[in-house]
Amino acid sequence: MSNGTKIGVVGVGRMGANMARRLKEVGFPVTAVYDVRTGTAEELASEIGCAAAKKLADVTAAADVIVTVVSDDKAMRGIFSKKGDSLLSSAKGKTFINCATISPEVHVEVEKLCAKVGANSMEGCMASSIPQARQGTL
């Protein structure tokens, strides 16, 4: 991934927000953030100078690589839904790095859904916490 690669972050709670901050700090263009709590996304977007996406599809459109940091299997299935607003909209050629703590089965489901639309998906398992997210040492 080069520093010209546009990054989107979905799920900007404590972990996702600090990951976005760190990516921006080291020179990656973070182009869009999204969270179900729109105010949280808007605050972070203002802080790091990017768009606060109103829809998941807007994150996919604005980025080459989308980092997902959601809370559980249900949330992961929701953002990669086959219907309605979804990260899968116009996702051909996009790469998803899924950092959520979810079951292996859901990772496999997401990989299959991404493959069907011509996108790449990988697990970005994390073994640390908020300070490591902020310092870029996850």
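Here are the numbers:
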| read-out | value |
| --- | --- |
| Qualifying helices (runs of 4 or more DSSP H) (wholly inside the range 1-105; at least 1 residues being without any contact (Cβ under 8 Å) to a residue 40 or more places away in the chain and in contact with a helix residue (DSSP H, G or I) (Cβ under 6 Å, 6 or more places away or on another chain)) | 14-25, 38-48, 73-79 |
| For Pro131: the one exception among (1) in contact (Cβ under 8 Å) with a residue 24 or more places away in the chain; (2) surrounded by fewer than 14 Cβ atoms within 10 Å (Cβ to Cβ); (3) not in a loop (DSSP other than H, G, I, E, B) | (1) |
| Residue satisfying condition, being at pLDDT below 95 and of a type in the set (Asp, Glu), within set Asp72, Asp35, Asp64 | Asp72 |
| Enumeration of residues in the range 43-90 that are among the polar types (S, T, N, Q) and crowded, with 18+ Cβ neighbours inside 10 Å | Thr60, Thr68, Ser86 |
| All positions within the range 25-53 that are under 14 Å from the mean Cα position of the chain (by Cα) and charged (D, E, K, R) | Asp35 |
| Flag for Met1 being modelled with pLDDT under 95 and surrounded by 19 or more Cβ atoms within 10 Å (Cβ to Cβ) | no |
| Unique residue being more than 20 Å from Val12 (Cβ to Cβ), out of contact with any Ser or Thr (no Cβ under 8 Å at 6 or more places or on another chain) and at pLDDT 95 or above when the list is Lys55, Lys116 | Lys116 |
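The values are calculated or read from the model by the stated rules, or taken from the named source; none is laboratory data. On a predicted model such as this, the values are computed, not experimentally measured, just so you know. For neighbour counting, all protein chains shown are included, and Cβ atoms are generated from backbone atoms with ideal geometry for every residue, glycine included.
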